[in-house]
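Colleague: Pasting a structure here, questions to come.
The values are calculated or read from the model by the stated rules, or taken from the named source; none is laboratory data. From a predicted model like this one, the values you see are computed outputs, not experimental measurements. FYI the Cβ positions are ideal-geometry reconstructions off the backbone, even for glycines, and counts take in every protein chain you see. All accessible areas refer to the heavy atoms of the entire protein, side chains included, with ligands and DNA or RNA removed. Shrake-Rupley method; radii C 1.70, N 1.55, O 1.52, S 1.80 Å.
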There are 4 protein chains.
Amino acid sequence: MQAVVIHAPHDLRVEEPQAPLTVQGPDEVTVRIERGGICGSDLHYYHNGGFGTVRLQQPMILGHEVAGKVESVGANVKRIATGDRVAISPSRPCGACQFCQRGSQAHCEDMKFYGSAMRMPHIDGAFRETVIANEAQCFAVLPSLSAGEAAMAEPLAVALHAVNRAGPLVGRRILITGSGPIGALCAAAARRAGATEIVATDVEVYPLQIMEQIGVDYLFNVEQHEDALRSFAHGKGTFDVLFEASGNAAALLGALDTLRPGATIVQVGLGGDVTVPMNVIVAKELNLKGTFRFHEEFETAVDMMNHGLIDVSPLITQTLAFSQAEAAFELASDRTQAMKVQLAFS
Amino acid sequence: MQAVVIHAPHDLRVEEPQAPLTVQGPDEVTVRIERGGICGSDLHYYHNGGFGTVRLQQPMILGHEVAGKVESVGANVKRIATGDRVAISPSRPCGACQFCQRGSQAHCEDMKFYGSAMRMPHIDGAFRETVIANEAQCFAVLPSLSAGEAAMAEPLAVALHAVNRAGPLVGRRILITGSGPIGALCAAAARRAGATEIVATDVEVYPLQIMEQIGVDYLFNVEQHEDALRSFAHGKGTFDVLFEASGNAAALLGALDTLRPGATIVQVGLGGDVTVPMNVIVAKELNLKGTFRFHEEFETAVDMMNHGLIDVSPLITQTLAFSQAEAAFELASDRTQAMKVQLAFS
Amino acid sequence: MQAVVIHAPHDLRVEEPQAPLTVQGPDEVTVRIERGGICGSDLHYYHNGGFGTVRLQQPMILGHEVAGKVESVGANVKRIATGDRVAISPSRPCGACQFCQRGSQAHCEDMKFYGSAMRMPHIDGAFRETVIANEAQCFAVLPSLSAGEAAMAEPLAVALHAVNRAGPLVGRRILITGSGPIGALCAAAARRAGATEIVATDVEVYPLQIMEQIGVDYLFNVEQHEDALRSFAHGKGTFDVLFEASGNAAALLGALDTLRPGATIVQVGLGGDVTVPMNVIVAKELNLKGTFRFHEEFETAVDMMNHGLIDVSPLITQTLAFSQAEAAFELASDRTQAMKVQLAFS
Amino acid sequence: MQAVVIHAPHDLRVEEPQAPLTVQGPDEVTVRIERGGICGSDLHYYHNGGFGTVRLQQPMILGHEVAGKVESVGANVKRIATGDRVAISPSRPCGACQFCQRGSQAHCEDMKFYGSAMRMPHIDGAFRETVIANEAQCFAVLPSLSAGEAAMAEPLAVALHAVNRAGPLVGRRILITGSGPIGALCAAAARRAGATEIVATDVEVYPLQIMEQIGVDYLFNVEQHEDALRSFAHGKGTFDVLFEASGNAAALLGALDTLRPGATIVQVGLGGDVTVPMNVIVAKELNLKGTFRFHEEFETAVDMMNHGLIDVSPLITQTLAFSQAEAAFELASDRTQAMKVQLAFS
């Protein structure tokens, strides 16, 4: 049983993990992993050993975007059967704290999230050949979905949560700054939620090419055309919602003129410090909202893909054997040639 | 210049209207009508001379679902040009009353709505060869849309307003009772707004066949299978939203068991008196909301069709020359063979 | 240890309950009850042996509006100490079902609510000298509150939940039909939530006199003046929100003309079947919402009273020794001379 | 007819204005001004000749917080009669633009707001002995209100709008940073809207003393006690809403730890650039909302004061004859001894 373990920046090993697999409990299922997508936070561990105050303090299995095939189920398991193909949510809230009891599981006081160094000991991820998960984490996918698509349920859930944070989008005009995987999934989710006009920006050509396949209305390379958005700034601005998915301060600030009074900014990328002109926030009565992870949106993501309502396949640009994890991480770090890189486990 | 004029129940005439066309003002456009759809309220005038307290008291031109080609524009007109093909909103709110100033134009105290006997003198409709409309009523359609599709903007706007009344639908489970034109457009609009599961019912085979083309997940003929919805009543009920588009009390009452606590019922069909079990409304904390006409949703409807985001073409089942208006009204009254019947004016 | 036990309609006994008090667990507290208020549902058991499909099938201790003094606390209890005076919430949701995990505890699939025959075996109530409750049910009250006021936390929580269901009330105009305890507490809660104008109706003089002390703006005896509300129906109606707390169909129907387009009706009284004119619901786009019990509002109710923000004392019209329970229940049934009757337990 | 005219920074003159009073139109009323409150923006013109890009380019009458007595009314005026005492809203939106037609009058494309240099020619203010206003700007006050209280309707409307932007406040815990007039009115408005716990901060003793009379629960001088708010940061933070009314970046940043996940920040003070840690906004899913002026809240403010629901009198700390305008402006600039300084005009 091999796993993809991060030991330190640029020290990524494919090896037998130190802690053996626990015994499957009555509410748990054993899943043979098929695909696992590499996410921005995985890359932060790989390149920098963490982000912000979150730092690797011990070796940790990476990975939280996974799907596989159920090998066995515990005695209490009802929704899932052996042989099912499932997407696995990396989120395991406690269910008992004040936030879980309010339906705000993303803010659980005792969250165990796959592949996260936020707490000690770290919570191991799911880039491994076999995972034991709670039934509540598993959602069956139809044969019409590939394992790679199923493994996109997690980032799609992030995008759907961002869309839910934005409020109703039927007939709305949307700007998306940053056309990486999350920006692209926000475009797909916003369209699915009824947005009539979607404009996307990036500073690279490659992600904009992928975004084109998602089906947005206008694409702008703001590196090449600094004033690309000027035409959307007439009147007091024309966009109803901005999904800021670049984590780049210039993207947020450059978009303010294009937002109509009362518009909503959903900050999706974690980003760092941004110097915000509060007089604009005030005078236009803008709404700046953070969005963090997801909860019920994981099931919605699977439902959406099962019903053929969102097609994530254009985003999966490369798939490598997990034995080549390091090469895959390097490739995933190159925005000029990769969108979503996935590892194949079987 | 001929028009379709209702004089009394079953006295529908194609004739020169009594009042000549007014002169086009500086904010107005002259439109040569191409298509006009027959709506349920048109049929009420035709069969019964009105509905509820609204009664014909003088001859009135019918029709409020129309599209055509712009022949000339007034001096102040900016958004629309001669030669444009446009969908025309039948709604002309005053813009000045307390409701207009709150963005609740549907409740305007001085509304002039095409083909309505709500006030005296009645407001003439748009089943005529040429109409003079305010620029604000006109929205250009792309060449990709047929005139028949453009004339569907009005009922689609009704459905989009119903969807807006329902609140966010991303990932929601929807029941639609009544699969006539409005029910079918609610299905299309709810899907566009992100609903993952849509179930529709009717008591006739024909509308359910059309509904199938719209793309709902389950269809039930509740005339043949009274218990069709029983499987959706498990737990405390499974639907998040009911669009009640039949105006039939049995449809609403039969659906209550299938609604989860906190669910929303949007009453779309006008219907009559319904005996509601308040203890169920209370104990399940249901939300019963009326929905009436539309305002900004008319532009959204055109946007949606222009962007190819909603396809209304399966609903247009017959098109007759307006000289055959009476035959068209009879056909439109037969739910076993017609969904939306349109009149061709040129 | 005596309790107030209902055996059958009009067979109310003060006696030693059959089931002895359980042993206090580590998360539980033992409370010596001081006051208990008689509620409408208690009266339904007393007069009719239940309501709707809920029927007494075995003897049951009544009572769910109680407050007392803590005699001892379990090892894990942190918020509450021996000697504290507490209001006790009668609501014990499971915490684990889908509704609890969404913050909709009122719809818990395994709810245990004091003094309720909804399930078998029935859940005993708290009209007893000593109660063992979970810490989570107990909220400390300040010395400034009497035990009688503390025992009003439960019905005040019901009213606060009704107010939360209504949406923001700042500057709103409110109609309350039915001026019993819940109607009166809705008035107090709506005022606290920022309502600027409150009108209340009833068919009896006595409750309107109590309502006057709560501080509403206009009071109408609709038994004496059928057209009392006519002046509020001008334009398209003037009230933003109706709290229907009478359970009387005539009250709801008589109020429709006074509601502005888009207004909200919160149905608080359980009531029975009501024949609703759907064309009015539709044409005015009214929102009819059921409201059921409460959850976080219990703590809010105690907070409100502790801070002196809501004064419930005018409602407590009589207090009798619990040994006189039958006389108290008869008195509580007479709306011409009693608002809230409480039992004194120590 | 004298007025208070600003010519340049520190050049404030009491003089006959250049433009004579226009003739009262049929929808207008003539009001003899009694009291006018000095606002922060008046002080910006006085000290700096403007703020941000808004700069004095010609002499302008100051003042937008006024009340007076109606001397005559136009032929169409209905709600207001000669002899009425009225609060006058300084806001005159056009009523016709897209924002007015959506109920977002604060963002009117052709707003005329008293005493504002935002447009050329500047819009004169109401610090003058007589004003001609539209009927729609005038709201009658009861004899129970002093003219000084009536003149507080405008800043109270600003606070009520801020409260409306925050969402429902029943049972919420509130932090207010900055205890000047707007902060204090936010406290009063939030309490009126149902907040159960209100904490206020400032860096001066005097405004906190006034705030104490408003009735908040805890007051902190954060100049003296830097860690004053630490006890509110336990768990993931305890405040539901922050009204940031200081315009001081340190106040916003220092409060982030005390806000619970999902909390709302309403930025009331205009302030300048603030460097915001986006990772905190994201990870806690905070909602940062600007709030700008008011619309329907002006009438609500008058209603609230007429009903005795909000008492603004503790804020009016000094009243000077308008002939002493310069001394009044100097006094109003000193936060150590003045909260709201008003000018007496008759």
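Colleague: Rounded to whole Å, give me the distance from the Cα center of the range B:1-80 to that of the range A:30-102.
Modeller: 61 Å
Colleague: About the Cα centre, and with charges only on the beta carbon of Lys, Arg (+1) and Asp, Glu (-1), how big is the dipole of the range C:1-84? Nearest 20 debye, please. Don't skip to the end; give the middle numbers.
Modeller: Details: 7 positive and 10 negative charges, 26 e Å.
My answer is approximately 120 debye.
Colleague: On average, how much accessible surface per residue is there in the range B:210-287, in Å², for a 1.4 Å probe, leaving out ligands, DNA and RNA?
Modeller: Values: 3230 Å² over 78 residues.
Normalised by residue count, the accessible surface of the range B:210-287 is 41 Å².
Colleague: Gaussian network model of chain A, Cα springs within a sub-10 Å range: biggest mean-square fluctuation belongs to which of A:ALA150, A:ALA126, A:ALA106?
Modeller: Top of the fluctuation ranking is A:ALA106.
Colleague: Can you list, largest first and rounded to whole Å, the semi-axes you get for the protein assembly as shown by taking the square root of 5 times each eigenvalue of its Cα gyration tensor?
Modeller: Numbers: eigenvalues 393, 373, 306 Å².
Those come to 44, 43, 39 Å.
Colleague: Please state the relative contact order of chain D as a whole percent: Cα pairs under 8 Å, 6+ residues apart?
Modeller: Values: 813 pairs, mean separation 63.0, N = 346.
Relative contact order comes out at 18 percent.
Colleague: Report the Rg/Rh value for the range D:204-244, based on alpha-carbon coordinates and the Kirkwood definition of Rh. Please list the in-between numbers first.
Modeller: Values: Rg = 11.6 Å, Rh = 11.7 Å.
Value, to two decimals: 0.99.
Colleague: Given just the C-alpha atoms of the range C:158-290, how large is their convex hull per residue in cubic angstrom?
Modeller: Working: hull volume 12.3 nm³, N = 133.
Output value, Cα hull per residue: 92 Å³.
Colleague: Can you give the mean number of other chain Cβ atoms that lie within 10 Å of the Cβ atoms in peptide D:165-172? Walk me through the numbers on the way to the answer.
Modeller: Values: counts 2, 1, 2, 9, 4, 14, 13, 1.
That average works out to 6.
Colleague: Could you check which residue among A:ILE38, A:ILE61, A:ILE80 shows the biggest mean-square fluctuation in a GNM of chain A with a 10 Å Cα cutoff?
Modeller: Of A:ILE38, A:ILE61, A:ILE80, the Gaussian network model singles out A:ILE80 as fluctuating most.
Colleague: Show log10 I(q)/I(0) for the range B:134-233 at q = 0.22 Å⁻¹, two decimals, from a solvent-free Debye sum over equal Cα scatterers.
Modeller: Values returned for q = 0.22 Å⁻¹ are -1.16.
Colleague: Another one. Per-residue mean of other chain beta-carbon atoms within 10 angstrom of the beta-carbon, peptide C:290-296?
Modeller: Counting Cβ atoms of other protein chains within 10 Å of each residue's Cβ and averaging gives 5.
Colleague: If you take every residue apart from A:TYR206 with its C-beta less than 14 Å away from the C-beta of A:TYR206, what net charge results, scoring Lys and Arg +1 and Asp and Glu -1? It would help to have the intermediate numbers written out before the result.
Modeller: Numbers: positive: A:ARG335, A:LYS340; negative: A:ASP202, A:GLU204, A:GLU212, A:GLU223, A:ASP334.
Local net charge: -3.
Colleague: Let me ask something additional. Have a look at B:GLY25, B:GLY52, B:GLY63 and tell me which one the Gaussian network model of chain B (Cα, springs below 10 Å) gives the largest fluctuation.
Modeller: Looking only at B:GLY25, B:GLY52, B:GLY63, the biggest GNM fluctuation is shown by B:GLY52.
Colleague: Let me ask something else. Give the shape of the range D:92-141 as rounded, prolate or oblate, defined through the alpha-carbon gyration tensor: a ≥ b ≥ c are the square roots of its eigenvalues, a/c under 1.5 means rounded, and otherwise the shape is prolate if a/b is larger than b/c and oblate if not. Kindly include the intermediate steps, with their values, before the conclusion.
Modeller: On the way: a/c = 2.86, a/b = 1.30, b/c = 2.19.
Oblate, because a/c is 1.5 or more while a/b does not exceed b/c.
Colleague: Provide Rg and Dmax in Å for the range B:1-74, with only Cα atoms included in the calculation.
Modeller: Taking only Cα atoms of the range B:1-74, I get Rg and Dmax of 14.0, 39 Å.
Colleague: Using just the Cα positions, wrap the range C:31-98 in a convex hull and report its mean projected area in square nanometres, one decimal place.
Modeller: Values: hull surface 27.6 nm².
One quarter of the hull surface, i.e. the mean projection, equals 6.9 nm².
Colleague: Considering every pair of different Cα atoms, what Kirkwood radius, in Å, is found for the range A:59-162? Walk me through the intermediate numbers first.
Modeller: Values: mean 1/r = 0.0686 Å⁻¹.
By the Kirkwood definition, the hydrodynamic radius is 14.6 Å.
Colleague: Using θ = phi - 60° and the Karplus form 6.51 cos²θ - 1.76 cosθ + 1.60, what ³J(HN,Hα) does each residue of the range A:318-326 get, whole Hz, x for Gly and Pro?
Modeller: Values per residue, Gly and Pro as x: 8, 10, 10, 4, 5, 5, 9, 3, 4 Hz.
Colleague: Sorted from largest to smallest, which semi-axis lengths in Å does the alpha carbon gyration tensor of chain A give for its equivalent ellipsoid, taking the root of 5 times each eigenvalue? Present the calculation step by step, with values, prior to reporting the outcome.
Modeller: Details: eigenvalues 235, 88, 77 Å².
Values for chain A, descending: 34, 21, 20 Å.
Colleague: For a test of the definition: using alpha carbon positions, the gyration tensor, and the 1.5 limit on a/c, classify the range A:261-332 as rounded, prolate or oblate. Let's see the in-between values first.
Modeller: On the way: a/c = 3.22, a/b = 1.67, b/c = 1.93.
Since a/c reaches 1.5 but b/c is at least a/b, the shape of the range A:261-332 is classed as oblate.
Colleague: How much accessible area is lost when chains B and C come together, counting both sides, with a 1.4 Å probe, in Å² rounded to the nearest 100? Write down the numbers at each step before the final one.
Modeller: Details: alone 15180 and 15170 Å², together 27290 Å².
It comes to approximately 3100 Å² buried between B and C.
Colleague: Work out the mean other chain Cβ neighbour count within 10 Å for the residues of D:99-105 and drop it here as an integer. Can you show the working numbers first?
Modeller: Working: counts 6, 4, 11, 9, 6, 6, 2.
So the per-residue partner count for this stretch is 6.
Colleague: Let me check I've understood the local charge: for A:THR196, count other residues with C-beta under 12 angstrom from its C-beta, Lys and Arg +1, Asp and Glu -1. What total comes out?
Modeller: Numbers: positive: A:ARG172, A:ARG173, A:ARG191, B:ARG192; negative: A:GLU197, A:ASP217, A:ASP240, B:GLU296, B:GLU297, B:GLU299, B:ASP303.
Around A:THR196, the charge tally is -3.
Colleague: So, with +1 on the Cβ of K and R and -1 on the Cβ of D and E, and no other charges, what is the size of the charge dipole of the range B:158-290 about its Cα centre, to the nearest 20 debye? Kindly include the intermediate steps, with their values, before the conclusion.
Modeller: Working: 10 positive and 13 negative charges, 121 e Å.
In debye, rounded to 20, the range B:158-290 gives about 580.
Colleague: Another question about this same structure. If you count only protein heavy atoms and use a 1.4 Å probe, how large is the accessible surface of D:SER346, to the nearest 10 Å²?
Modeller: For D:SER346, the solvent-accessible surface is approximately 90 Å².
Colleague: I would also like to ask the following. With a ≥ b ≥ c the root eigenvalues of the C-alpha gyration tensor of the range C:1-135, is it rounded (a/c under 1.5), prolate (a/b larger than b/c) or oblate?
Modeller: Details: a/c = 2.02, a/b = 1.22, b/c = 1.65.
Oblate shape, in that a/c is at least 1.5 and b/c is the bigger or equal ratio.
Colleague: Further question on the same structure: Once phi is turned into θ = phi - 60°, what whole-Hz ³J(HN,Hα) does the Karplus curve with 6.51, -1.76 and 1.60 give for every residue of the range C:193-198, x standing for Gly and Pro?
Modeller: Once θ is set to phi - 60°, the couplings for the range C:193-198 become 7, x, 4, 8, 9, 10 Hz.
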